[in-house]
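Below is one structure, written out as structure tokens, with a few remarks after it.
Here, each number is a calculation from the coordinates, and none is a lab measurement. If you're wondering where the values come from, they're calculated on a predicted model, not measured in any experiment. Virtual Cβ from ideal backbone geometry, glycine too; neighbours counted across all protein chains shown.
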Amino acid sequence: MLAFFHVDPSLLTKIAEINEGAERISRTKEIKEVTDGVKLFNGPLAKMVRWPKRVERLDGGRQKNEEEFLLFTDQGEGRYRFPYEETSYLTCRRFWDAYAPIKELCLSKGISEDEFNQITPHLFPTCYGVLTILRRYGQDGQPYLLVGLRSKQLAGRHVGTISFPGGLVRPRERLIEAACRQLREECQMELGRITPGFAMGLHPNAASITFMLLADDYASSEVGESFEWKGGKALWAPEDAVLKALDGDTVAMVETFNRAELDVAEGTPIAPDAAKPAKLLLTSIYPSF
């Protein structure tokens with residue numbers, strides 16, 4: 001793959017140096033995080049070993065360690081597939097600080113952004129996760145979405161941002177399976193009606209891919225507690241407030257959290273890998289009305 005894009009050997013040497021430096025610094029930070037009470041669990045994860053590739057038929061010829069799914073993009077929808085292997089959380093995270101400088105370096109050498117995405121799994125241990133937009137209609141007939149603030153006890157990039165239930169995928173776990181597990185772990189809830197397909201978001205500062213799905217939930221089950229959310233749990237927010245936050249206007253979203261007695265800073269954003277796929281699903285693919 002790297003040879004296909006004619007990557008200069010000197011560029012590969014520089015990439016290796018940046019990766020080595022990031023890993024060294026990250027290992028030092030881990031010691032301080034443990035001291036500060038961060039939940040630093042180095043659990044096993046699935047690792048994407050090739051960028052998702054479009055295929056002709058869903059569930060046609062899929063191998064044992066391959067994920068296959070319907071994907072929505074700005075250009076339309078299609079069936080995609082990628083192979084995966086096993087890695088660990090810290091193995092991936094130790095190279096996150098190398099992602100942005102290596103991307104900048106590659107772009108400066110004439111590699112396009114699309115080409116960089118294609119070779120990302122060859123440059124870094126690349127993890128991937130899934131987020132679920134859970135939608136429910138209230139007694140007022142209006143749609144509400146389950147959102148929360150990521151706790152500072154977490155070790156990821158999304159600490160303190162507004163996000164949806166979800167997390168990283170484990171080895172041999174399908175995206176749907178991971179979504180169901182994460183919702184149980186973070187909210188003690190079961191998925192309702194799951195709409196077909198996913199949208200995909202890229203983290204701007206890490207080799208981490210996020211797939212997002214939407215589920216309409218009509219059950220009356222109460223949202224459970226988890227340390228992963230500020231205040232202990234996610235909450236139901238008006239969909240209109242979330243849509244405004246996706247466009248950068250977080251006033252209504254912050255007011256929603258404040259009414260739940262959560263102290264939220266003005267301008268608190270949606271997690272950067274969640275905003276684009278959430279907007280695509282909520283406005284273009286599965287609008288509420």
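Given contacts defined as C-alpha pairs under 8 Å and at least six residues apart, what's the relative contact order of the range 9-126, whole-number percent? It would help to have the intermediate numbers written out before the result.
Values: 141 pairs, mean separation 38.9, N = 118.
It comes to 33 percent, rounded to a whole number.
Per residue of the chain, what 222 nm ellipticity follows from adding -39500 (n - 2.57) for every DSSP H run with n ≥ 4, rounded to the nearest 500? Walk me through the numbers on the way to the answer.
On the way: 8 runs with 91 residues, N = 289.
Roughly -9500 deg cm²/dmol at 222 nm, from the helical runs in the chain.
For the chain, what are the DSSP H helices with axial Cα length of 15 Å or more and mean Kyte-Doolittle hydropathy of at least -1.0? Let's see the in-between values first.
On the way: long enough: 9-35 (40 Å, -0.52); 96-108 (19 Å, 0.21); 175-187 (17 Å, -0.18).
Membrane-span-like by this criterion, though nothing is claimed about a membrane: 9-35, 96-108, 175-187.
May I ask you to list the residues of the range 161-205 whose amide nitrogen lies under 18 Å from a point 7 Å from Cα along the Cα→beta-carbon direction of Asn65?
Flagged as within label range: 169-175.
Alpha carbon centre of the range 235-285 versus the range 60-127: separation in Å?
One Cα centre to the other: 27 Å.
What residue among Ala278, Ala179, Ala237 shows peak mean-square fluctuation when the chain is described by a Gaussian network model with Cα springs under 10 Å?
Ala237
Please compute the contact order of the range 171-258 in relative form: average sequence separation of alpha-carbon pairs under 8 Å and at least six residues apart, divided by the residue count, as a percent.
Numbers: 89 pairs, mean separation 18.9, N = 88.
Averaging sequence separation for qualifying contacts and normalising by length gives 21 percent for the range 171-258.
Taking every pair of alpha-carbon atoms in the range 76-223, give the share separated by more than 19 Å as a whole percent.
Numbers: 6336 of 10878 pairs.
Counting pairs separated by more than 19 Å, the tail of P(r) holds 58 percent.
Could you work out the relative contact order of the chain? I mean the mean sequence separation of Cα pairs under 8 Å and 6+ apart, divided by the number of residues, in percent.
Computed value for the chain: 18 percent relative contact order.
Enumerate the amide H contacts of Gly129 below 5 Å, restricted to partners 5 or more residues apart or on another chain; note that Pro and chain-start residues carry no placed amide H.
Under 5 Å from the amide H of Gly129: Val169, Ile209, Thr210, Phe211.
When Lys109, Lys14 are ordered from fewest to most other Cβ atoms inside 10 Å of their Cβ, what list results? Mind dumping the intermediate values first?
Values: Lys109 13, Lys14 16.
Ascending Cβ contact count within 10 Å gives the list Lys109, Lys14.
Between [x] 22.3, 62; [y] 22.7, 105; [z] 19.2, 62, which entry matches Rg and Dmax of the Cα atoms in Å as derived from the coordinates of this structure?
[z]
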